[in-house]
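Report on one structure; see the data block that follows.
The values are calculated or read from the model by the stated rules, or taken from the named source; none is laboratory data. Model, not experiment: these values are computed from the prediction. For neighbour counting, all protein chains shown are included, and Cβ atoms are generated from backbone atoms with ideal geometry for every residue, glycine included. Surface areas here come from the heavy atoms of the whole protein model, side chains and all, with no ligands, DNA or RNA. Shrake-Rupley method; radii C 1.70, N 1.55, O 1.52, S 1.80 Å.
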Amino acid sequence: MEHSHTADWWKKSTVYQVYPKSFKDTTGSGEGDIRGLIEKLDYLQGLGIDIIWLQPVYVSPQNDNGYDVADYCEINPEYGTMADFDELAAEVRRRNMHLMLDIVVNHSSTEHRWFQEAKQSRNNPYRDYYIWKDPAPGGGVPNNWQSKFGGPAWQYDEATGQYFLTLFDKTQADLNWENPAVREEVVKLMTFWAEKGVSGFRLDVINLISKDQNFPDDDGSARPGDGRKFYTDGPRVHEYMKELNRRIFKPYNLVTVGEMSSTSLENCILYSNPEQNELSMTFNFHHLKVDYPNGQKWELMPYDFEQLKSLLSRWQTGMQEGCGWNALFFNNHDQPRALSRFTDDSEYRVESAKLLATTLHGLQGTPYVFQGEEIGLPNPKWNGIEEMRDVESHNIYRILQEQGKSPEEAFNIIRERSRDNSRTPMLWDSTPNAGFTSGTPWIKVDERYPEINVERQLHDPDSVYHHYKKLIGLRKKHQILIDGTFVRLDEAHPQVFAYSRVKGQEAVVVVSNFSKEQTVFQFADAFAEEWLEAGPAELLAGNTKQVPPLWKEMALSPFASYMWLIRRK
Ligand code: TEU
């Protein structure tokens, strides 16, 4: 694309996240594949996408759908061949788009050759690629750290009499970044893909790679003994990022986004401020925990709207002041669909999907669209745990019952929180299985596909798809969306999120009613005088037939959402 030559061309870009297993199947296997993505490149180009984040397609036993990598430089046969990949890369380039690969190097699969070697003996050359500890003095796990998927973070290896660390699934062994040989391997595998011409990387849980080498017990002051404070944004993580930047990211001019688990604003500024020479931008998840009571994912509560707004606002202002850069997102493959979570996914489904899009795309950062979001795909209607596929959902289902919940209570929580909510297949058209596969889909296809599908929305100018297409185009046209200063405009309004982006003689104003009720929103006097009375307003995006005039006091219909541009005279 025309901006590729500038250092920060990706600030105007929109990234589309492809979950390959559920995108498009061309073989009838019931799972998507690389050729399926090639088939749909014109669709993504039509939407205005610049960068495709392709989730892991490497050789893997698929215990965590590819985030358990057994060979970093080979394609999993279920997804195709290296020739398919090369063709994909070429086809992406031909369309002036970019490919971003998902790099999972906090851990590898226990089926990786390195781990297979490491477990041979305590003095195997690969032993130190992983994190091994003796049992605690009285026997048992070395410390009380918990796996993110439930249960202890340590697995015992009978043969060598030691435990190895697994912060995620028990088959995802944490790599030992203290070992320079591991860092060499990471540089090597990244070089392999960079040489193939990919434009960037998404780095899986990259802020967890540096562990406190004392491996202390967690006293539970943050959360009962989970240990995260001893490896989140750990002691050497910035040093490691600078090393990768110097050796790979800079020489190959790559765009990079780090997935930052339970991180802090201060750290994300360090990761993404260009002067630090680390990453291009960061994902953080604070705004997606506003329905976790006391941070507990496996307990339900209605989401806290004020917290959602304050967190988004705080990160807008904080990253702006610190010259960092946000990856903007409401959805990904680990989260239930925001449409079902924060808005209304039935009567006001279309309005809601557009409201979330407008609200997000007006913010500063690079927006990420997760497959299906652009057609307003809601959470599926689950009938039972047996329909679910995610290892985490099944673990937690068991653990909740061990803690005394009935199967029904456990399922009711999982139904809301399961990562499978976002992993159901893409809905392409109204043919069987929504055009996703001619075989048996690996996970259920949402039965609403005759109504909700890509083909229908391509032909409907009022569709969610066309709304996304418009928003994606706006970022290319209006510089203010890239660098305008963020200012929150609503003062704890119970239903409305309102903000502006200000730059010189221009202001973008975004007003969204996050409720099913009609409501009234009033701008502060100062803002009204400075902007609303100062020049004509152009509607950039909206989601209702009748659009109220942008004036000091506005009546907003359910889930109404607008973006205006004001040019001061
Ligand atoms: O996710 C990291 C992560 O911490 C989560 O979003 C995780 O899914 C959640 O805490 C579980 O409750 C990344 C990937 O996006 C995810 O799909 C992988 O399972 C995980 O890393 C391990 O590689």
Ranking request for peptides 203-212, 132-141, 19-28, 381-390: highest mean number of other beta-carbon atoms within 10 Å first, then the rest in descending order. 203-212, 19-28, 381-390, 132-141
Whole-Hz ³J(HN,Hα) for each residue in segment 26-40, computed from phi via Karplus 6.51 cos²θ - 1.76 cosθ + 1.60 with θ = phi - 60°, x for glycine and proline: what do you get? 10, 10, x, 6, x, 10, x, 8, 5, 5, x, 5, 4, 4, 9
Along the principal axes of its C-alpha atoms, what lengths does segment 342-420 span, in descending order and rounded to whole Å? 45, 29, 19
The chain: relative contact order from alpha carbon pairs under 8 Å, six or more residues apart, as a whole percent, is 13
Taking the C-alpha atoms of segment 484-567, convex hull volume expressed per residue in Å³: 81
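How high is the relative contact order of segment 140-210? Use alpha-carbon pairs under 8 Å, at least six apart in sequence, and give a whole percent.
Numbers: 65 pairs, mean separation 13.4, N = 71.
Contact order relative to length: 19 percent.
Between their Cα atoms, which of K21/K229; K24/K196; K469/K503 are more than 26 Å away from each other?
Working: K21/K229 33 Å; K24/K196 23 Å; K469/K503 24 Å.
Distance filter (> 26 Å) returns K21/K229.
Restricting to bridges with both residues inside the chain, how much of the DSSP beta-bridge set is antiparallel, in percent to the nearest 5? Intermediate results must be reported in sequence, preceding the final value.
Working: 41 of 66 bridges.
Antiparallel bridges: around 60 percent, rounded to the nearest 5.
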Dividing the alpha-carbon Rg of segment 135-254 by 2.2 N^0.38 Å yields what? 1.21
Dipole of the chain, Cα-centred, from +1 at each Lys and Arg C-beta and -1 at each Asp and Glu C-beta, to the nearest 20 debye? 1100
Solvent-accessible heavy-atom area per residue, rounded to whole Å², over segment 209-312 at 1.4 Å: 41
Accessible-area composition of the chain, carbon plus sulfur, in percent [1.4 Å probe]: 49
Kirkwood hydrodynamic radius for segment 205-312: how many Å is it when counted over pairs of different Cα atoms? 15.4
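D for the chain, whole µm²/s, Stokes-Einstein with Kirkwood Rh over alpha-carbon pairs at 4 °C and 1.567 mPa s: what number?
Numbers: Rh = 24.6 Å.
Calculated translational D: 53 µm²/s.
Please report the projected area of segment 113-174's Cα convex hull averaged over all directions, in nm².
On the way: hull surface 15.9 nm².
So the mean shadow area of the Cα hull is 4.0 nm².
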Residue by residue through segment 292-298, the couplings from Karplus 6.51 cos²θ - 1.76 cosθ + 1.60 with θ = phi - 60°, in Hz, x for Gly and Pro, are 9, x, 6, x, 8, 5, 9
Could you give the spread of the C-alpha atoms of segment 24-67 along their three principal axes, from largest to smallest, in whole angstroms? 34, 23, 12
So, for segment 484-567, what is the accessible surface per residue at a probe of 1.4 Å, expressed in square angstrom? 44
List the GluC sites (Glu not before Pro) within segment 276-352 that fall in a DSSP loop (any state other than H, G, I, E or B) and whose Cβ has at most 13 other Cβ atoms within 10 Å. E299, E347
Provide, for q = 0.08, 0.10, 0.13, 0.14 Å⁻¹, the log10 of I(q)/I(0) from a solvent-free Debye sum over equal Cα point scatterers in segment 268-426. -0.27, -0.41, -0.68, -0.78
